[in-house]
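The values are calculated or read from the model by the stated rules, or taken from the named source; none is laboratory data. These numbers come from a predicted model, not from an experiment. As a convention, Cβ positions derive from the backbone with ideal geometry for all residues, glycine included, and neighbour counts pool all protein chains shown.
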Amino acid sequence: MVHATVDFKIEKNENRGCYYEETDRCLIYLPMHETLADVLKTITHELLHYIFANNDDIPTMDEDQEEKVIFFTQWAEIGL
Ligand SMILES: [Zn+2]
């Protein structure tokens, strides 16, 4: 069984977070967020990348497709 880890950095980055597929590690850059809700949203975002990478039932997607699915998933309630 594969497990994801979530790491935090207290330094600025051009990204709010990233997912490293080779180590199943999500890295969250805390200074790039304004609220705790924002941080939780980024953690969810990166964990969705992990789930997509490690679930054979989910069709293979390229990075652009993954970003779109995550965007629609996370902002769906506002669009309704
Ligand atoms: Zn992403």
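Any chance you could count how many residues in the range 15-54 are more than 15 Å from the chain's Cα centre (by Cα) and either crowded, with 16+ Cβ neighbours inside 10 Å or closer than 20 Å to Phe71 by Cβ (or both)?
Residues flagged as more than 15 Å from the chain's Cα centre (by Cα) and either crowded, with 16+ Cβ neighbours inside 10 Å or closer than 20 Å to Phe71 by Cβ (or both) within the range 15-54 amount to 2.
If you check every pair at least six apart or on different chains, which have Cβ atoms under 6 Å apart with a residue in the range 25-47 that is under 17 Å from Trp75 (Cβ atoms) first and a residue that is modelled with pLDDT of 95 or more and in a loop (DSSP other than H, G, I, E, B) second?
These pairs meet every condition: Val39/His33; Thr42/Arg16.
Consider the range 1-14. How many of its residues are loosely packed, with under 13 Cβ neighbours inside 10 Å and within 15 Å of the ligand (Cβ to nearest atom)?
Summing the residues that are loosely packed, with under 13 Cβ neighbours inside 10 Å and within 15 Å of the ligand (Cβ to nearest atom) in the range 1-14 gives 1.
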